[in-house]
């Protein structure tokens, strides 16, 4: 999946995501593309051509009238239908179905890029979510799943996004040796002390600053990974809790005692923490998807 409708920083986190808000939907263009409009234009042109190809002045005159009438009807159609509330709702429903289908396809592509163990975790959580829905309908004898419980869809999508974040951070961390950075910092410190002149000393000082920033970034990634790991475990545990509650609930209202909002808030907070390091980590994410360059030791070690 393009990690961009589904990048880790693009979580679907709010219950309002169930209410599709169309973006860049042109109701005029949708009206033009309606099959009945296209077929109507085709029939009008065919009638006009048929009339024009028959001999006689009246036939040509009739062809002009057909074209003029068709143009007037099309103008009236395009100035009224796209503005009708009912038509706009129908277009929004179609756009929502397309968006959901496209989002689901991209998410499946992302999941297929996971390793078997990660796919197993995602698929199990999805299976558990579906079991919760089925059990709720079975025990309550209702057809519609309450919106509050449907928030599990949001949490499952967030789980996939967070897991994608975690795996890419983890893969990058494997390419970094913290002790190597410490050793390079010590070498840079000694080089500063033994520099032959001020210009050389400034270059060594600059190198030390870069190494210090790299070490800080390393620590930031490590902290973010621990946060994401804890959040993933929290989502898994919450799904298990909801499933237990659905199985044992005395009444449908008892499920409302579960704190859905608390989990939502913690996921949003995790997202904010990840966003704090997004500029650096996004660049590293891109490098993780590109072919890895050969590893070269520092110049001081290649002598």
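The values are calculated or read from the model by the stated rules, or taken from the named source; none is laboratory data. Computed from a predicted model, the values in this text were never measured in an experiment. FYI the Cβ positions are ideal-geometry reconstructions off the backbone, even for glycines, and counts take in every protein chain you see.
Worth pointing out:
- Residue match in region 252-261 (condition: touching a helix residue (DSSP H, G or I) at 6+ places or on another chain (Cβ under 7 Å), more than 30 Å from residue 124 (Cα to Cα) and not assigned by TED's automatic domain parsing to the domain that holds residue 108): no
- Within region 171-190, if we keep just the residues that are free of Cβ contacts under 8 Å to residues at least 40 places away in the same chain and farther than 30 Å from residue 270 by Cα, the residue that is surrounded by the most Cβ atoms within 10 Å (Cβ to Cβ) turns out to be 188.
- Check on residue 125, under 27 Å from residue 227 (Cα atoms) and either modelled with pLDDT of 90 or more or more than 18 Å from the chain's Cα centre (by Cα) (or both): yes
- Hey, residue 168 closer than 23 Å to residue 224 by Cα and surrounded by fewer than 13 Cβ atoms within 10 Å (Cβ to Cβ) or not: no
- Selection count where residues are surrounded by 15 or more Cβ atoms within 10 Å (Cβ to Cβ) and either free of Cβ contacts under 8 Å to residues at least 40 places away in the same chain or in contact with a strand residue (DSSP E or B) (Cβ under 8 Å, 6 or more places away or on another chain) (or both), scope region 114-152: 3
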